[in-house]
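Take a look at the structure set out below.
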Amino acid sequence: MDKYLVIGGNGVIGHFVSRRLVALGHRPVLLSRGADPTLIADIVAHCDNLRGDMTDAAGVHDVVRSHGITHIVHLGAALPSVTEKDPAAAVRLNIEGTANVLEAARRQGVARVVLASTKAVYGAMQGVYAEPTNTPAPETLVPAPATVYGITKLACEQLAAWYRRTHGMSVGSLRFAATIGPGKIARHGGSFSRYSVVLENAMAQAPTVIDSAADVVCDGMYNDEAARGILCALHAPVLKHDVYNISTGTGFTLRQYAAAVQRRVASARFTFSPVQAPGGAMNFILDPARARDDLGFVADADLDRIVGAYIATMQLLGLVPDVAPA
C-alpha cells in the first residue's frame, strides 16, 4: 500500500492534504518542527505526527526509510516573515532542506515527490500580466523573483528539475496562487494573511480597515482546493512538466471578498480608505491550463463557497478567530 509523508502536514495547507489522505483510507506520516496538532485535531489519531527538521539530512532519510514512504508532499518552508529578515536561515531551511528531502527520496526510490512553490517566483508582473489587463500568467513566463522567499523557492524548483533530469525521479513543483484558510494569521502573520484578517475580524465582531489595494484584482483560492491540486499531482499517471500553476485562473478584489464575508457574517464592519493604493505588481492571476490538462485540476473560484468553507473549517476545529489589523 502507498505510504505518504507530508512535510508540514499540520500546516495551513498541509492539514487539508492530511485530511484528504485520511479520507482516502491512508495513515499519513506528518513531519514538522513543532508537531502542533491544532489544525489536525479531528484526524490526529489517524496520522503519525512526528517532530523533525528538514535540515537534518540523516533524520529526514530515516523517516523516509523507516516508514516505507512511497509518496512525499513537501510543504515545509521558511516563510516571508523569516526569509526577508534572515536570508541565511532561508537558504538553510528552504534550499538545503529541500535538497535533503529530494536526496532521501532518491535513495529510497520514492515514487512521486510534490513540492510547494509560490507565485512569488514570478516577481513583479509587467505588461499584459499586470493591472489593468490581468492576462493570466503561464508557467513559461521567465521567473524574476523580487524577494528572498521567491529566490529560494525558485532554487527549490530548479533542484527538483535537476533530480528529475539527472535521476529520472517523478517530481514536480506547484506554484500556488494566493491561499486562503484558517491558521494563516497565527503562523504566517497578519500582513501576509489579508483574506484571513477580513474574515476572522468579522467573525470576532472586530472592525477592519481595508486601506491597501482594495480594488486590485488578485488570484486566490481556498486552501483545501490547493490540497486537492496537490493530490491531483500526487496521483497523476505522469508529470509532463517540472512546474504547474495551481490556481483558479480568475481574480477578485478585496472589496468583492469583503462583500462575500458580509453575506455570511451580517455584523461584519469594513471601512475602505478613500485613497486606494495603485495596483500592486505582486497581485496577478496565474494561468491554470497546464494543471487542468495534465492533472485534471480545476479550482473552485466561488467566493461564497470559499467563505462558507473557511467558516465551516473553523467550526470543525473549534478555532477562535485571530484578530489582526488589515
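For segment 253-272, which positions are farther than 19 Å from ASP211 by Cβ and under 27 Å from the mean Cα position of the chain (by Cα)?
Once the filter is applied, which keeps residues that are farther than 19 Å from ASP211 by Cβ and under 27 Å from the mean Cα position of the chain (by Cα), segment 253-272 yields ALA260, ARG263, ARG264, VAL265.
From the list SER32, SER66, SER18, pick out the single residue that is under 26 Å from MET169 (Cα atoms), polar (S, T, N, Q) and crowded, with 24+ Cβ neighbours inside 10 Å.
SER18
Hey, can you tell me all the residues within segment 138-157 that are β-branched (Val, Ile, Thr) and either closer than 17 Å to VAL73 by Cα or under 19 Å from the mean Cα position of the chain (by Cα) (or both)?
THR147, VAL148, ILE151, THR152
Counting only residues that are outside any loop (DSSP other than H, G, I, E, B) and either within 12 Å of LEU199 (Cα to Cα) or over 19 Å from the mean Cα position of the chain (by Cα) (or both), how many does segment 313-324 have?
4
Which one of these is assigned by TED's automatic domain parsing to the domain that holds CYS47, among the small types (Gly, Ala, Ser), more than 17 Å from the chain's Cα centre (by Cα) and over 23 Å from PHE16 (Cβ atoms): ALA160, ALA88?
ALA88
Which one of ASP48, ASP36, ASP62, ASP2 is without any contact (Cβ under 8 Å) to a residue 40 or more places away in the chain, of a type outside the set (Gly, Ala, Ser), in contact with a strand residue (DSSP E or B) (Cβ under 7 Å, 6 or more places away or on another chain) and farther than 20 Å from ALA226 by Cα?
ASP48
Filter segment 163-181 down to the residues that are within 14 Å of VAL101 (Cβ to Cβ) and of a type in the set (A, V, I, L, M), then identify the one that is surrounded by the fewest Cβ atoms within 10 Å (Cβ to Cβ).
For segment 163-181, the residue satisfying everything is MET169.
Taking the stated definitions as given, is ILE210 of a type outside the set (S, T, N, Q) and outside the structural domain of ILE72 (by TED's automatic domain parsing)?
In short, yes.
Scan segment 122-150 for residues that are exposed (fewer than 13 other Cβ atoms within 10 Å of the Cβ) and not small (Gly, Ala, Ser) and report the count.
6
Condition first: among the polar types (S, T, N, Q) and assigned to a helix (DSSP H, G or I). Now tell me which residues in segment 39-75 satisfy that.
Within segment 39-75, SER66 is the sole residue that qualifies.
Pick from segment 1-23 the residues that are in a helix (DSSP H, G or I) and of a type in the set (A, V, I, L, M, F, W, C): which of them is farthest from ALA57 (Cα to Cα)?
Among residues in segment 1-23 that are in a helix (DSSP H, G or I) and of a type in the set (A, V, I, L, M, F, W, C), the one farthest from ALA57 (Cα to Cα) is ALA23.
Name the residue, out of THR118, THR98, that is among the β-branched types (Val, Ile, Thr) and within 14 Å of CYS218 (Cβ to Cβ).
Among THR118, THR98, only THR118 is among the β-branched types (Val, Ile, Thr) and within 14 Å of CYS218 (Cβ to Cβ).
Quick check on this structure: which one of GLY229, GLY249 is in contact with a helix residue (DSSP H, G or I) (Cβ under 8 Å, 6 or more places away or on another chain), under 25 Å from HIS71 (Cα atoms) and buried (at least 19 other Cβ atoms within 10 Å of the Cβ)?
Going through GLY229, GLY249 in turn, the sole match is GLY229.
Within segment 299-310, identify whether any single residue is assigned to a helix (DSSP H, G or I), more than 16 Å from the chain's Cα centre (by Cα), surrounded by 18 or more Cβ atoms within 10 Å (Cβ to Cβ) and not β-branched (Val, Ile, Thr), and answer yes or no.
Scanning segment 299-310, I find at least one residue that is assigned to a helix (DSSP H, G or I), more than 16 Å from the chain's Cα centre (by Cα), surrounded by 18 or more Cβ atoms within 10 Å (Cβ to Cβ) and not β-branched (Val, Ile, Thr), so the answer is yes.
Taking segment 155-214 as the region of interest, how many residues are assigned to a helix (DSSP H, G or I) and polar (S, T, N, Q)?
Final tally of qualifying residues: 5.
Of all residues in segment 292-314, how many are within 30 Å of ALA146 (Cα to Cα), of a type in the set (A, V, I, L, M, F, W, C) and out of contact with any Cys (no Cβ under 7 Å at 6 or more places or on another chain)?
Result for segment 292-314: 5.
For GLY127, indicate whether it is without any contact (Cβ under 8 Å) to a residue 40 or more places away in the chain, over 18 Å from ALA57 (Cβ atoms) and touching a strand residue (DSSP E or B) at 6+ places or on another chain (Cβ under 7 Å).
no
The values are calculated or read from the model by the stated rules, or taken from the named source; none is laboratory data. Since the model is a prediction, treat every value here as computed from it, not as a measurement. All Cβ positions, even for glycine, are placed from backbone atoms using ideal geometry, and neighbour counts span all protein chains on display.
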